[in-house]
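Right, one structure below, let's go through it.
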Amino acid sequence: MTEPELPSPSPEKTAQHSLIWLVVAAGLTVLLWQFPWGNYILYPFTILATWFHEMGHGLTALLLGGDFHRLEIYSNGSGLAFHSGRLFLGPVGRALVAAGGPMGPPMAGAIFILASRRQGTARFGLLFLGSLLLLSAVIWVRSGFGLLFIPALGLGILALGLWASPWMQGFVIQFLGVQACVSTYRQLDYLFTASAVINGQVLHSDSSQIAQNLFLPYWFWGGLMAVSSLVLLMTSLQITFRD
């Protein structure tokens, strides 16, 4: 006597489970990042979040006519992007560069999540991200730790883009997109502080730099960036899993 075959889960159920898993993973990532030991549990994603953040500063400066000199990433998960030059739009441009760190990654992450809707764009997203990691190591990364870790991340993501199954590629680009979106929350208190110590230097926070170049207090801009990152994440997930 043969046992009856169990029905396969419907595509709608599978998509629903994937969405729930991604939302739970995003929440756990943000929660763990609020504790010092959490940064070590999520260490590869901590470094990737720092890379997203600092590249956001540097590439925004480039887009606004400035010079992106170098990027330093340190083993404790902190980093710095060095840029200079007169920026288009003056104070507004400087505010945009400051916002590029917290907001650039969620914007890119939303694009990665949307790319997961199709096999070709999911694969292209992985190849693009892996290539950009490697390119950044050649052009901008200048810290010893960064020169070891960033190429390793790039090669790993490229390998997935080249040889992983289509399902795995879609899952990974979704997950990395979620990680980029929530990287704004890696140090949630940083959004609501006027200064921070990075590599032994006391520096103005991104929120403080925006406030100095525009108007309203730094905590307003920190709150706005926190809400905007969440909106980008939820909207991109809603569109991706709508069909």
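The values are calculated or read from the model by the stated rules, or taken from the named source; none is laboratory data. Note that the structure is predicted; figures quoted are calculated from it, not measured. Every residue, glycine among them, receives a Cβ derived from its backbone with ideal geometry; neighbour counts consider all protein chains shown. What goes into the accessible areas is simple: the full protein's heavy atoms, side chains included, and nothing from ligands, DNA or RNA. Shrake-Rupley method; radii C 1.70, N 1.55, O 1.52, S 1.80 Å.
Computed quantities for the displayed model
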{"item": "Spatial separation of Cα centroids for the stretch 175-213 and the stretch 27-76, in angstrom", "result": "9"}
{"item": "Surface share of carbon and sulfur [accessible, 1.4 angstrom probe, percent] for the stretch 22-157", "result": "72"}
{"item": "Packing-based order for 106-119, 200-213, 18-31, 176-189, using average beta carbon neighbours within 10 Å, highest first", "result": "176-189, 106-119, 200-213, 18-31"}
{"item": "Solvent exposure of the stretch 89-149 as accessible area per residue, Å², 1.4 Å probe", "result": "45"}
{"item": "Average projected area [Cα convex hull, the chain], square nanometres", "result": "15.3"}
{"item": "Span-rule helices in the chain, defined as complete DSSP H runs reaching 20 Å or more along the axis (Cα) with Kyte mean at least 0.5", "result": "11-33, 43-63, 91-115, 119-139, 144-163, 166-182, 218-240"}
{"item": "Computed over the stretch 107-146, Kirkwood Rh from alpha-carbon pairs, angstrom", "result": "11.2"}
{"item": "Accessible area per residue in Å² at 1.4 Å probe, computed on the stretch 202-243", "result": "57"}
{"item": "The chain: calculated mean residue ellipticity at 222 nm from DSSP helix runs of at least 4, using -39500 (n - 2.57)", "result": "-23000 deg cm²/dmol"}
{"item": "Net charge contributed by nearby residues that have their C-beta within less than 13 Å of A81 (K/R +1, D/E -1)", "result": "-2"}
{"item": "Pair-distance profile P(r), taking every C-alpha pair of the stretch 127-214, with 5 angstrom steps and integer %", "result": "3, 12, 14, 16, 17, 16, 11, 6, 3, 1"}
{"item": "Segments 78-87, 50-59 sorted - mean Cβ within 10 Å per residue, highest first", "result": "50-59, 78-87"}
